[in-house]
Amino acid sequence: MDAMRTACEKTSGRLGVWQIVPVIFWSVAAAAASEPAAPALSPTNIFAPASTPANSILRVSLFVLGVTGAIFVVVFSLLVYSVVKFRKRTNDDGREPPQVYGSNQVELAWTVIPVLIVVALFMATARVIADVQKVAQPANAIEVVAIGHQFWWEYRYPALGVVTANELHVPVSEVDHPTPTFIQLLSADTDHSFWVPRLAGKTDLIPNHPNSTWIDPHETGLFLGQCAQYCGTQHAKMLLRVYVDSRADFDRWIQQQRQPAAVAGAVSEGQRIFETTACINCHKVAGTVANGRFGPDLTHLMSRDTIAAGAALNTPENLRRWILKPDAIKPGSLMPAMQLNDQDLDALTAYLETLR
Amino acid sequence: MSTDAIALPGTESAERPFVDGLHAWVTTVDHKRLGILYIVYALIFLVVGGIEATIMRIQLIRANNDFVSPQVFNRLFTLHGTTMIFFVAMPMVFGFANYLIPLMIGARDMAFPRLNAFSFWLTAFGGFLLYFSMIGANGLYGAGNAPDVGWFAYAPLTARTFSVGHSTDFWTLSLLISGFGSIGTAINILTTVLCMRCPGMSLGKMPLLPWLNLVMSGMVILAVSPLTAAQVMLMIDRYLGGHFFDTQAGGSAVIWMHFFWIFGHPEVYVLVIPAFAFMSEIIPVFSRKAIFGYPVMVGATIAIGFISMSVWAHHMFTVGMGANANTFFALSTMAVGVPTGIKIFNWLATMWGGKILFKTPMLFAIAFLFQFLIAGLTGIMLSCVPFDWQLTASYFVVAHFHYVIVGGILFGIFAAFYYWYPKMTGRMYNETLGRWHFWLFLIGFHLTFDFMHIPGLLGMPRRIYTYEAGRGWDIWNLIVTVGAVFQAVGTLVFVFNLVWSYFRGKIAGSDPWDAWTLEWSTSSPPPDYNFAVIPEVKSRRPLWDLKHPNDPDWKYE
Amino acid sequence: MNATSMTAGSVEWKNPPRGQVGMLALIAAESAIFTIFVVAYLFYIGKSLSGPTPKEILSVPIFYTICLLSSSLTIHFAARALRQGKVKSFGLLWFATFALGAAFMYGTAMEWYRLIYHEGFTISTNLFGTTYYSLVGLHAFHVVVGLTALFLVMAFTLLGSVRAEHAERIDVLSLYWHFVDAVWVVVFTVVYLIGR
């Protein structure tokens, strides 16, 4: 115990040891900020922007990190220094140290300097707010209306006549000839938030309060994200998948999504089940009698990589499992278990598999 | 006043001492007993809230875990936040204020002792009501239980359509009731500080703890009331068919956010200002120097009080308020950092040139300075609106506010516990156990909350019961969970120390720390009437004047 | 709740009176609550999607407003009378205060009866209904609390228990009553002048 006490008397140095932990954290943060390594750390790394809004954010955030880092170094050093230099020594004479009650000059100094820092930070902030929020929508922008639901995303392209769900396709935006995508954000029920970190900061979807955001991805690929405002039981599995396609691929995708469901001659057994069970109350399949709007549009279900807003891969087994019991994949989702027997389930899955 | 106070020495109630003792505690209006009731109540709920946190951390230790269901997880984070804010931090703060303020200003009790007791029992009942929801809230479709709408209960998730059953009502009512208790205590503190100071103690000669609690009380009065109003509106919506937050009828979900955060932001300053008060009492004593810049400390706190009422919408930068509103709230939020920073510098200057003694209260105080500095800096990052668009609603902001509340406020509360334990119980706590608590908790705190920033930077939102593999979040979540274990063990050591020292601690005497404010002039624990003769003071450190008659403070103030 | 005054040693020391400071603090808290309801009212003006508008169905309660505001005068003079030891005048003026306050409540009740049963206008009709009944109702609730306290004091007066030394407590209570009247000025302005 004595040894521990003496060790603790040299606490100043010891405290320094454990404060190394934040230094590790900042190093990782800095590493995360270095671009080439960044996507490898995570597909949703905010320090790996691929679109102008995310880029603007990165630049101002590095500035803020620099300023706050400098403040930290200065104040931390003073703290460590004072704890070491002014500790009570073992050979202390027992008298109280000189009592210093204050100093106007010192107070002025450490008021003025922080105020100046605040001014600098504020100006940088205000500029980027305007850069992102006060942007006029150019004529060639792709317009998307995103409607948040518990627990899936509805996407409409009003000018292009497309309605789909959960997987958003946008064209890549060339630096010299930008084609951004402007997304109007609405909600059908509670609050949600659209967050794809590599493309832009998050913006909320709030009922009766339309919002909008924009992205102009500079590279093709798949960008991940998820709902970032607690919206109920399955908030955690309301995932976002943004496919940035080449212009040609995007146009092709649009063409395909515009088509009604492929009609395969006579109505299959699966289609009959679909249209006589409650499925059509919630789901739409363009070109058939199914015209429900509560759940995702299924016209081109097979064009998607995932089902249930990203909760599972779009395979026949998963599809069947989902229809049998949604709670098995996404407990608390609003799709009820349809109580179908095995035969009906197989037929239904086979029908859905034709919806390319 | 308890009847024990006037019992003659040597006589005891012969028949039922336990029942009489219990009765004395239940019916007490004595500020010291009520203070202890608040503190013990808060300690119990600290353990409860900690268990909730530990279960959540176990669920999040790896991707796609199924330790608890999403429904249970959502109730856990709702209860954890609500409990920690309203039934741990607030009662803790009120408990210490209640105990210390009359002693520090030379008064015999608070201004309104019966209101004091009433406020405590309202708060206590509120906590009971919240937890009763676990068994009492069963509504339709079995979808009733503990509330699961998050501790800020955004509309329209709280509407009858989306929150069936009564769980949300238990949230609303428990906070409504304890809110009245909070307002009552705030009125009491404010009146006590303004009206009950001993002769010679002008406001400029009052120790910083009563000063800061005065500012805190003013903030409670102005900030808890909007929450009360919003909750009444929510009940009107849910039960009288009102449309305050009914977006289908043209109502606004955003207005709930405004009303909630007009409460919610000042609330966190309500919690941290008393921690500042503890620091302002402890750091001088263990540096053996007067606080540096007393008038500036008062002025900065008042400035914080005012400015903090104007920053609330920094919780709403992603809601779509428009560029102008975002810009304004960025400025006000950055501005509030200035007086806060000034306070850190003044504490540093107090230590500078002193003779620092590393007793347990001072260990926690030094850690507070370090951690509050970091918390403030991550706060500055969040005030930069575009950066906030990435960081908010992610684990970065969860790390930030836990850094403030645990790294700042809780460490400050631990410091206060150790500093005033001798006064409250008459015995010294065990210093070795205190250090074990400190180091275990410090390690755990940093493991958890330093590394928690990283998943936020890598895109992990908050309030998710599980997450996909392949996002790069797994290792960080694992480290965060490990830290929780250290904190739990540290807390157990702490509680053990409190209990063990109560029975076996060394007798403390009235002034074990050689301190300078009036509470150290009474016995430990103080008699029911606090002071046999109401003292008269001439400076901010009356005991320094007595101990240094050739060099009293009033020559220099 | 007297002002604590002590002369100890060399210093003449007077603290502000507890009752008044406490009541002012309570009034501050209540003002904050009312402010939120007023903000909600103002925010939702003109935003109802359907249903009656204020212009269509509200009638301005001038007479009952005068009643309530006059009661501030009577309570002021009642308190003054008690300070001067004139218990009988105090009793009469206090009763007048109560009667005027009760008249105001009667007026509100009549107005609400008309709105609910003749116009079919309730708290759930539309945004206007929600904000109107909440704001006016919150105020009415505070009037009822005040009337209850006034009634208790009346009862004590009739029993002969109220004397000049209680003047300070009566002052504290009249502070509350003045607050209730001041809130009505704001509510009246917002609902019947601005909102209509």
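A compact table of results
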| quantity | calculated |
| --- | --- |
| Kirkwood-Stokes translational diffusion coefficient of the range A:196-256, alpha-carbon pairs, 10 °C, 1.306 mPa s, µm²/s | 117 |
| At R0 = 41 Å, FRET efficiency that the Cβ-Cβ distance of C:SER161 and B:PHE306 yields, to 0.05 | 0.40 |
| The protein assembly as shown, dipole about Cα centre (Lys/Arg Cβ +1, Asp/Glu Cβ -1), debye to the nearest 20 | 2020 |
| Approximate spin-label separation B:LEU492-C:THR189, in nm, with each point projected 7 Å along Cα-to-Cβ | 6.2 |
| Hz values of 3J(HN,Hα) by residue in the range B:17-24 - Karplus curve (6.51, -1.76, 1.60), Gly and Pro given as x | x, 5, 5, 5, x, 4, 4, 4 |
| In nm, spacing of pseudo-spin labels at A:ARG258 and A:THR315 (7 Å Cα→C-beta vector) | 3.5 |
| Amide H partners (placed H, <5 Å) of A:HIS169, local residues excluded | A:TYR243 |
| Simple label model, 7 Å out from Cα along Cβ direction - C:MET110 to B:ASN65, nm | 6.8 |
| Rounded to the nearest 10 Å², the accessible area of A:GLU317 at probe 1.4 Å | 120 |
| Cα-based Kirkwood hydrodynamic radius, the range B:16-118, one decimal, Å | 15.8 |
| In Hz, Karplus ³J(HN,Hα) per residue of the range A:150-155 (6.51, -1.76, 1.60; θ = phi - 60°; x = Gly, Pro) | 6, 9, 8, 10, 9, 10 |
| Translational diffusion coefficient (Stokes-Einstein; Kirkwood radius from C-alpha pairs) of chain A at 4 °C, 1.567 mPa s, in µm²/s | 53 |
| Accessible area, probe 1.4 Å, largest first, for residues A:SER77, B:SER119, C:SER48 | A:SER77, C:SER48, B:SER119 |
| Considering only the protein assembly as shown, percent of DSSP beta bridges that pair antiparallel, nearest 5 | 70 |
| Over the range A:81-201: Rg over Rh, Cα atoms, Kirkwood Rh | 1.36 |
| Relative contact order (percent, whole number), chain C, Cα cutoff 8 Å, 6+ residue spacing | 31 |
| Stretchable slack from B:VAL482 to B:VAL499, in nm (0.36 nm times residue separation minus alpha-carbon distance) | 3.4 nm |
| Accessible surface, the protein assembly as shown, averaged per residue in Å² (probe 1.4 Å) | 38 |
| A:GLU353 accessible area, 1.4 Å probe, all protein chains in place, Å² to nearest 10 | 40 |
| Per-pair calculated FRET efficiency, R0 = 30 Å: A:TYR81 and A:ALA40 via Cβ, rounded to 0.05 | 0.15 |
| 15 Å beta-carbon shell around A:LEU185, net charge (K/R +1, D/E -1) | -3 |
| Calculated on alpha-carbon atoms, Rg and Dmax of the range B:118-205 in Å | 18.8, 65 |
| Amide hydrogen neighbours beyond the local backbone of A:ASN208, cut-off 5 Å, H modeled | A:SER187 |
| Rounded, prolate or oblate (a/c below 1.5 giving rounded, otherwise prolate when a/b exceeds b/c) for the protein assembly as shown by Cα gyration tensor | oblate |
| Largest to smallest accessible area among A:TYR155, C:TYR106, C:TYR176, B:TYR239 [probe 1.4 Å] | C:TYR106, B:TYR239, C:TYR176, A:TYR155 |
| All-pairs alpha carbon distance profile, chain B, 10 Å steps from 0, percent | 3, 17, 28, 28, 16, 6, 1, 0 |
| Protein-only accessible surface order, largest first, of A:LEU160, B:LEU492 at 1.4 Å | B:LEU492, A:LEU160 |
| Relative contact order computed over chain A (Cα-Cα under 8 Å; 6+ residues apart), in percent | 14 |
| Contour minus Cα-Cα distance for B:ASP474 and B:ASN550 (0.36 nm per residue) | 21.0 nm |
| Percent breakdown of C-alpha pair distances by 10 Å bin, ordered from the shortest bin, for the range B:493-548 | 20, 40, 27, 13, 0 |
| Pairwise Cα inverse-distance average, inverted: Kirkwood Rh of the range B:281-356 (Å) | 14.1 |
| Whole-number percent relative contact order across chain B, with pairs defined as alpha carbons under 8 Å at least 6 apart | 16 |
| Nearest-20 debye value, chain B charge dipole, Cβ charges on Lys, Arg, Asp, Glu | 720 |
| Amide hydrogen neighbours beyond the local backbone of A:GLN226, cut-off 5 Å, H modeled | A:TRP195, A:LEU240 |
| Residues of type lysines that A:LYS237 reaches as a straight line, Cα spacing below 26 Å, ignoring anything fewer than 8 places off in the same chain | A:LYS202, A:LYS284, A:LYS325, A:LYS330 |
| The range B:325-371 pair-distance distribution - Cα-Cα, 5 Å bins, rounded % | 5, 17, 20, 19, 12, 10, 7, 6, 3, 1 |
| Hz values of 3J(HN,Hα) by residue in the range A:245-260 - Karplus curve (6.51, -1.76, 1.60), Gly and Pro given as x | 9, 5, 4, 5, 4, 5, 4, 5, 4, 4, 4, 5, 5, 5, 5, x |
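The values are calculated or read from the model by the stated rules, or taken from the named source; none is laboratory data. All figures in this text were calculated on a predicted structure; none of them were measured in a lab. Heads up, the Cβs are rebuilt from the backbone with ideal geometry, glycines too, and the neighbour counts pull from every protein chain shown. The protein model used for the area step is the full one, side chains on, heavy atoms only, and it has no ligands, DNA or RNA in it. Shrake-Rupley method; radii C 1.70, N 1.55, O 1.52, S 1.80 Å.
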